[in-house]
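Report on one structure; see the data block that follows.
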Amino acid sequence: MLVALCCMACSVAGGSAPPPDNRPPAERWPPEQARRWQARAGRMVGCNYVPSTAVNDIEMWQKATFDPATIDRELAWAHDLGLNSVRVFLNFVVWREDAAGLKSRFRRFLGMAARHGVSVMPILLDDCNFAGRVAAAGPQPGPVPGVHNSQWVSSPPLTMVTDQAAWPDLQRYVADVVGAFAGDRRIVAWDLYNEPGNSGMGERSLPLAEAVFGWARQARPTQPLTMGLWADFNDPMSRRLMDLSDVVSFHGYDAPSGFEAKIDLCEAAGRPVLCTEWLHRQGGNSFQSVLPILLRRNVGAWHWGLVAGRTQTYCHWGSLPGSPMPAQWQHDVLHADGKPYDAEEAEFIRRTLGSSK
């Protein structure tokens, strides 16, 4: 009955049902296609970006708290450092509340980034839920003083990850966002799912991760798809993510020797390698120690954090409520006024990236 009603509606409107899509199903890129993409993209060195005025990605994207003035100013600072890309988190609950508005604001963001010579890698799903609460649109709680990323919530709410009855909404979200920007050259790649299995989810997140690759490929994006390895790189889940990705990506907060070992494991796939999260200064993972490795090995790189703000990711993991700003920041590069956390470090970044162009 529903099919008949839909066909009748098409007839009344004077149109007709769309022709069937007879193209072969979209598949994982061959290695040669991935390498051609890497050659076109060139050197990619950027950061994970949340504006300093946002406590999480909901506050970053919803209408009431979207802050284009701050975003434009801070993307200019990224360009001044020599960065040419940003990785940004979207959130399902913002789309569910206002899909058209989210896409409009994201399109505006892409325009600002492009004006500053910065490409964008969007992230659609994320299991990280440091706040320990259910993601919801609307006013977000303020940061807990002294606590690293205290109000970060997952995308979607974690109960939806294993509830396949809820997946049609997630499929519509992925199809809508990827489909809207599938041919946008300002997007360098799609990171479909950040750290699947985090927040105690483990391999329960793998079925959704696999499904998301299929949903995204149905939109036939011109950009590659990836999901980053972040835990045990040799476990079945990590191997599966590697086997599904057009380009291989990983998170590396290790000291140099362990960091290079992760690159070795990823390079074994025979595809371009991207490090989508790094920078852990107190663990020996610094710009001076890791950035030269990334450039030498031709690994695209996005360190965590640009401007110290409401996420408080300059605090160390596990920092306690009321902890003061640490003398040695874990993440981030600039104060909210644009002043570098470490002037020598900022000059090293500019000099290293400028000389490597």
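The values are calculated or read from the model by the stated rules, or taken from the named source; none is laboratory data. All figures in this text were calculated on a predicted structure; none of them were measured in a lab. With ideal geometry, Cβ positions are generated from the backbone for all residues, glycine too; neighbour counts draw on all protein chains shown.
Out of everything in the range 48-88 that is more than 23 Å from Tyr193 (Cβ to Cβ) and of a type in the set (D, E, K, R), what residue ends up being surrounded by the most Cβ atoms within 10 Å (Cβ to Cβ)? Before you say what the answer is, go through the steps one by one.
Here is the first cut: in the range 48-88, the ones more than 23 Å from Tyr193 (Cβ to Cβ) are 52-53, 63-84.
Within this subset, residues satisfying the condition of being of a type in the set (D, E, K, R) are 63, 67, 72-74, 80.
Details: Lys63: 13, Asp67: 15, Asp72: 17, Arg73: 15, Glu74: 26, Asp80: 14.
That would be Glu74.
Select, from Ala131, Ala165, Ala136, the only residue that is among the aliphatic types (A, V, I, L, M), at pLDDT 95 or above, exposed (fewer than 14 other Cβ atoms within 10 Å of the Cβ) and closer than 15 Å to Ile58 by Cα. Let's see the steps before the verdict.
Numbers: Ala131 fails: exposed (fewer than 14 other Cβ atoms within 10 Å of the Cβ); Ala165 fails: closer than 15 Å to Ile58 by Cα.
Selected residue: Ala136, the only one of Ala131, Ala165, Ala136 that is among the aliphatic types (A, V, I, L, M), at pLDDT 95 or above, exposed (fewer than 14 other Cβ atoms within 10 Å of the Cβ) and closer than 15 Å to Ile58 by Cα.
Could you tell me which of the residues Ala175, Ala189 is among the aliphatic types (A, V, I, L, M) and more than 22 Å from Thr276 (Cβ to Cβ)?
On the way: Ala189 fails: more than 22 Å from Thr276 (Cβ to Cβ).
Every option except Ala175 fails the conditions.
Considering only the range 272-289, I want to know if a residue exists there that is more than 23 Å from Thr352 (Cβ to Cβ), in contact with a strand residue (DSSP E or B) (Cβ under 9 Å, 6 or more places away or on another chain) and either in contact (Cβ under 8 Å) with a residue 24 or more places away in the chain or crowded, with 22+ Cβ neighbours inside 10 Å (or both). Before the answer, list the steps.
Step one: filter the range 272-289 for residues more than 23 Å from Thr352 (Cβ to Cβ), giving none.
No, there is no match, as no residue in the range 272-289 is more than 23 Å from Thr352 (Cβ to Cβ), in contact with a strand residue (DSSP E or B) (Cβ under 9 Å, 6 or more places away or on another chain) and either in contact (Cβ under 8 Å) with a residue 24 or more places away in the chain or crowded, with 22+ Cβ neighbours inside 10 Å (or both).
Scanning the range 233-258 for residues that are more than 17 Å from the chain's Cα centre (by Cα) and within 16 Å of Trp278 (Cα to Cα), which turns out surrounded by the fewest Cβ atoms within 10 Å (Cβ to Cβ)?
Ser257
Give me the pairs: first residue in the range 248-266 and of a type in the set (Val, Ile, Thr), second residue crowded, with 20+ Cβ neighbours inside 10 Å and assigned to a loop (DSSP other than H, G, I, E, B), beta-carbon distance under 7 Å, and six or more apart or on different chains, which are they?
If the second residue must be crowded, with 20+ Cβ neighbours inside 10 Å and assigned to a loop (DSSP other than H, G, I, E, B), the pairs left are Val248/Arg271; Ile263/Val299.
What are the residues in the range 195-247 that are over 18 Å from Pro122 (Cβ atoms) and hydroxyl-bearing (Ser, Thr, Tyr), if any?
Result: Ser199, Ser205, Ser238.
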